[in-house]
Amino acid sequence: MRAYLIDEISRADMKKITQFLAQNAIRSSLSKIFWVKIPDDLLSPTQYAHHECQPHVFAVELGDHWVKLEFFVRSLKTMRCTCPGYCTEGQRNYVINFAHTMIQQLGIRT
C-alpha cells in the first residue's frame, strides 16, 4: 500500500491528532482508523460519475507514535466497483496537504 507516514510523534501530540480527526473526519468501526472525504472537485471522472458509491475517502491510521495516510481512494458504500484506486496527483497532494495542515494547526513538532 502506498502511504504517507509521519512518525516519532509524542503521546500528547497523538491525543491532539485523535481529537482533530474525531472532529474533521469520519470515524470507522475501528478505533484507530478514520476516513477523510475527498472533495468532489478532486474526484476522478469515474468516481465523480458514481454518485451511488460516494463518499470517496482515504484512510488515516493511528499508531502509538505515528500517523499513516493512505494514497488509496475508496468508497464507503461498496468494494465491488471500478471507482476505488490509487490517488491521482491532485488527490495525493490533497492527502499530503491535509497532513501538513493538521500538523501546523495542532502545533505538532516532528
Exercise. From the residues in the stretch 29-45 that are farther than 19 Å from residue 90 by Cβ and in contact (Cβ under 8 Å) with a residue 12 or more places away in the chain, which one is surrounded by the most Cβ atoms within 10 Å (Cβ to Cβ)?
Worked result: 34
Exercise. Looking at the stretch 68-110, which of its residues are buried (at least 16 other Cβ atoms within 10 Å of the Cβ), among the hydrophobic types (A, V, I, L, M, F, W, C) and farther than 24 Å from residue 18 by Cβ?
Worked result: 83
Exercise. Does any residue in the stretch 59-86 that is under 17 Å from residue 15 (Cα atoms) come within less than 7 Å, Cβ to Cβ, of a residue that is outside any loop (DSSP other than H, G, I, E, B) and polar (S, T, N, Q) six or more places away or on a different chain, and which pairs are these?
Worked result: 62/18
Problem set entry | The lone exception for residue 21 - which of (1) outside any strand (DSSP E or B); (2) closer than 18 Å to residue 93 by Cβ it fails | (2)
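Name the residue, out of 42, 62, that is under 14 Å from residue 17 (Cα atoms), aliphatic (A, V, I, L, M) and in contact with a Phe, Trp or Tyr (Cβ under 8 Å, 6 or more places away or on another chain).
Working: 42 fails: under 14 Å from residue 17 (Cα atoms).
Every option except 62 fails the conditions.
Taken together, the values in this text are just the output of simple stated rules run on the coordinates, not laboratory data. Not measured: the values here are computed from a predicted model. With ideal geometry, Cβ positions are generated from the backbone for all residues, glycine too; neighbour counts draw on all protein chains shown.
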